[in-house]
Amino acid sequence: MSRHIEKVKPVDEKYNAIMAGINPRTATAMATIKHRERGRIRRRLNAAKFESIRSGDSTAYIQAGVDEIMKILGV
């Protein structure tokens with residue numbers, strides 16, 4: 001979970017530590033991590049959807065969906 005260096009806040013370090021397994025204490029932090037991951041997936045899919053609508057070709061949207069599924073499966 002890396003962000004741009006200038007945007008890293010102390011709260012991000014807390015979530016990074018939990019993600020690394022250093023301090024898995026709160027369910028809220030774990031829920032936040034999952035929420036951020038889902039947000040990143042949605043952002044990538046929405047960008048591909050916009051590009052597909054703009055170009056009139058749905059290949060980019062389909063490929064983005066396949067890429068996200070492969071990332072989830074770890075392939």
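The values are calculated or read from the model by the stated rules, or taken from the named source; none is laboratory data. Since we're looking at a predicted model, the values are computed, not measured. All Cβ positions, glycine included, derive from the backbone under ideal geometry; neighbour counts span all protein chains shown.
Annotations
- Residue pairs meeting the criteria (Cβ under 9 Å; at least 6 apart or on separate chains; first closer than 11 Å to Glu68 by Cα, in segment 40-52; second surrounded by fewer than 16 Cβ atoms within 10 Å (Cβ to Cβ)): Ile41/Lys71; Ile41/Ile72; Arg44/Asp67; Leu45/Gly65
- Filter result for Arg43 (modelled with pLDDT of 85 or more, part of a helix (DSSP H, G or I) and of a type in the set (Lys, Arg)): yes
- Selection over segment 22-74 of residues that are surrounded by 12 or more Cβ atoms within 10 Å (Cβ to Cβ) and on the phi > 0 side of the Ramachandran plot gives a count of 0.
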